[in-house]
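> Sharing a structure, written as structure tokens. Questions coming.
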Amino acid sequence: MARHRFGSTLASATAAALSLALVAGCSSGDDADKATTKDGKTVISMGLFGVMGYKESGLLDRYMKENPTIKIEADVVGDEQTYYTAFQTHLAAGSGLKDIQGIEIGRAKELVDTQADKFTDLSKTEGIDHFLPWKLSQVTAKDGKLLGLGTDIGPMAVCYRKDLFEQAGLPTDREEVAKLWAGDWSKYVEAGRTFKQKSKDKKVSFMDASSGLFNAMIYGSEKQFYDEDGKLIYQDNPVVKDAWNLAVSAAKADLTAKLPQFQTGWDPGLAQSTFASTVCPAWMLAHISEKAGPANKGKWDVARAPKGANWGGAFLGVMDKSPVKEEAQKLIAWLTAPE
């Protein structure tokens, strides 16, 4: 694992006006006169999204304390889609980029294929031998250029409310909860039926939305919607069919709150105890903890998913035009180092 245990947030697109405002408001990491403060400190700017956790965990403050000649300025955009829209605009303009930019795994291939020349090659960065080859391959261009260092991966789990499970007569210990659905996502749905039948509060749904269940089942398969040649295969792929049928059955059984993850109403649903469980990759834990609010502190826990799957993950890259490449590389190597 990386030094932090937080992660990224995928969200729906927001208004174009907001994206344009972000574009206009972002400072440029390629202006040499902004590379130092008046007292001589080297400024490293970071463009981040979601809850990547560097500010929240105090890691940036810790790094600056250990490196007193460094000042880190982190600009965090909550919505990844809005962040990426602004990032693309800056890439096209060749200005407005931060020294360090966050990369969501879903954007990695596009950036590797079309924008590799805008990034610094990190393949020679010291202290990155701990990364697994498959993780680095996700941001490696054909010529071997490494665009980013991995901050996290997205092993799938199920987050659940201990108190709401207890009210429905379900176990609350994470190991016992995992046994409820071990080996089969349909057992997760069966646990939902039990929850619905026995829950004392009929306003609380078992899960947030069936779409999360569908995605979790899909992400556990190597072949999903396309084959190796780019041909659509979803209509004949039994994995997709099974995931769709189970998700539909959960929806028809009224086990969901009809609140897809990161869509309108999902965050308030976490705070208002609208649902008792959600499929959650590792990087989502920080988001759930934040959005559930102080009133629900300690009520959420996490259990193993019925089957293994991976959803998402992120990277940190250093931009080629950054005037502080060396310092920026040292920072991201430190942030992504093992405990």
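The values are calculated or read from the model by the stated rules, or taken from the named source; none is laboratory data. Quick caveat: nothing in here was measured; it's all calculated off a predicted structure. Every residue, glycine as well, gets a Cβ built from its backbone with ideal geometry; the counts of neighbours run over all protein chains shown.
> Does the stretch 55-114 hold any residues that are at positive phi and either modelled with pLDDT of 95 or more or not assigned by TED's automatic domain parsing to the domain that holds G150 (or both), and which are they?
G96
> List pairs: first residue in the stretch 309-322 and among the acidic types (D, E), second residue part of a strand (DSSP E or B) and buried (at least 23 other Cβ atoms within 10 Å of the Cβ) anywhere in the structure, Cβ distance under 9 angstrom, at least six positions apart or on different chains.
Correct list of pairs: D320/F119.
> Of the residues that sit in the stretch 92-135 and are closer than 24 Å to N310 by Cβ and of a type in the set (D, E, K, R), which one is surrounded by the most Cβ atoms within 10 Å (Cβ to Cβ)?
It comes out as E104.
> Which residue is surrounded by the most Cβ atoms within 10 Å (Cβ to Cβ), if the candidates are limited to the stretch 282-303 and must be in contact with an Asp or Glu (Cβ under 8 Å, 6 or more places away or on another chain) and farther than 20 Å from G313 by Cβ?
Kept after step one, since they are in contact with an Asp or Glu (Cβ under 8 Å, 6 or more places away or on another chain), are these residues of the stretch 282-303: 282-283, 286, 290-291, 299, 303.
Going one step further and asking which of them are farther than 20 Å from G313 by Cβ, we end up with 291, 299, 303.
Details: K291: 16, K299: 13, A303: 24.
Within the stretch 282-303, the match that is surrounded by the most Cβ atoms within 10 Å (Cβ to Cβ) is A303.
> When you go through Q272, Q329 one by one, which is the residue that is polar (S, T, N, Q) and in the same structural domain as G40 (by TED's automatic domain parsing)? Can you show your working first?
Details: Q272 fails: in the same structural domain as G40 (by TED's automatic domain parsing).
Result: Q329 is the single residue among Q272, Q329 that is polar (S, T, N, Q) and in the same structural domain as G40 (by TED's automatic domain parsing).
> Filter the stretch 137-156 for residues that are crowded, with 23+ Cβ neighbours inside 10 Å and aliphatic (A, V, I, L, M); which is modelled with the lowest pLDDT?
Ranking the candidates gives M156 first.
> Test T172 against the criterion of being at negative phi and within 18 Å of the chain's Cα centre (by Cα), and give yes or no.
For T172, the condition - at negative phi and within 18 Å of the chain's Cα centre (by Cα) - is not met.
> Inside the stretch 58-77, can you point out the residues that are surrounded by fewer than 16 Cβ atoms within 10 Å (Cβ to Cβ) and under 24 Å from P281 (Cα atoms)?
G58
> Additional query: Every residue in the stretch 42-57 that is crowded, with 20+ Cβ neighbours inside 10 Å and closer than 25 Å to A292 by Cβ, please.
L48, F49, G50, V51, M52, G53, Y54
> Looking at V279, is it among the aliphatic types (A, V, I, L, M) and surrounded by 19 or more Cβ atoms within 10 Å (Cβ to Cβ)?
Yes, satisfied.
> Still on this model: Suppose we filter the stretch 181-208 for residues that are farther than 22 Å from G269 by Cα and in contact (Cβ under 8 Å) with a residue 12 or more places away in the chain; how many remain?
Qualifying residue count for the region: 7.
> Right, D208: on the phi < 0 side of the Ramachandran plot and out of contact with any Phe, Trp or Tyr (no Cβ under 6 Å at 6 or more places or on another chain) or not?
Considered against the rule, which asks whether it is on the phi < 0 side of the Ramachandran plot and out of contact with any Phe, Trp or Tyr (no Cβ under 6 Å at 6 or more places or on another chain), D208 comes out as no.
> Working carefully through the options T89, T82, find the one that is surrounded by 21 or more Cβ atoms within 10 Å (Cβ to Cβ), over 18 Å from K145 (Cβ atoms), polar (S, T, N, Q) and in contact (Cβ under 8 Å) with a residue 60 or more places away in the chain.
Just one listed residue meets the conditions, T82.
> Can you pull out every residue in the stretch 37-54 that is of a type in the set (S, T, N, Q) and at pLDDT below 95?
Within the stretch 37-54, just T37 meets the criteria.
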